[in-house]
Amino acid sequence: MTVPIADHAPSRLREPIRRLIGATNPILRPLAGTRWFRLWGVIHHQGRRSGRPYATPIVVRPSGDGFVIPMPFGERTNWASNVIAAGGATLRWAGRDHLVVDPRVIESSDAMAAFSRIQRALLPRFGIVRFLHVTEVRDARTT
């Protein structure tokens, strides 16, 4: 089920999430997208106004025909807005590039099957209730 655009995690949770990301980014960023660290991927997208290429590390989980990406700050973040506006992106995950299309915001009830039991318990604690589902174009998989 596609849901309307909403803002991000509750304000009381935004700062702890930012601190966690800031503390772990230097360690995890080089591992994002590799086959050794399948929790994180890198989404390659183009700026909707600038046209500049960007690479953003994200948490990603495979799900049936594509991937589910938690959005702790909502769909108004630049990377999510860029992917939605472009209608897709390239996702580097598990050491491979995946062309993804049809980005749509989904509710947590539709996303939870992609996550482990521990992850399902943690996501709501961080206020993560919005997810981006993208469909993989299987014929276009590269590398």
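Every number in this text was worked out from the coordinates using simple rules, so none of it is lab data. None of these values were measured; they are calculated from a predicted model. When we count neighbours, we look across all protein chains shown, and the Cβ atoms used for this are built from the backbone with ideal geometry, even at glycine.
Things worth noting here:
- Given +1 at the Cβ of Lys and Arg, -1 at the Cβ of Asp and Glu and no other charges, the dipole of the range 40-140 around its Cα centre is 360 debye to the nearest 20.
- For the chain, built as a Gaussian network whose Cα springs stay under 10 Å, the top-fluctuating residue of ALA114, ALA23, ALA85: ALA23
- Relative contact order (%) - criterion: Cα under 8 Å, at least six apart; region: the chain: 29
- The order of HIS44, HIS98, HIS133, going from fewest to most other C-beta atoms within 10 Å of their C-beta, is HIS44, HIS133, HIS98.
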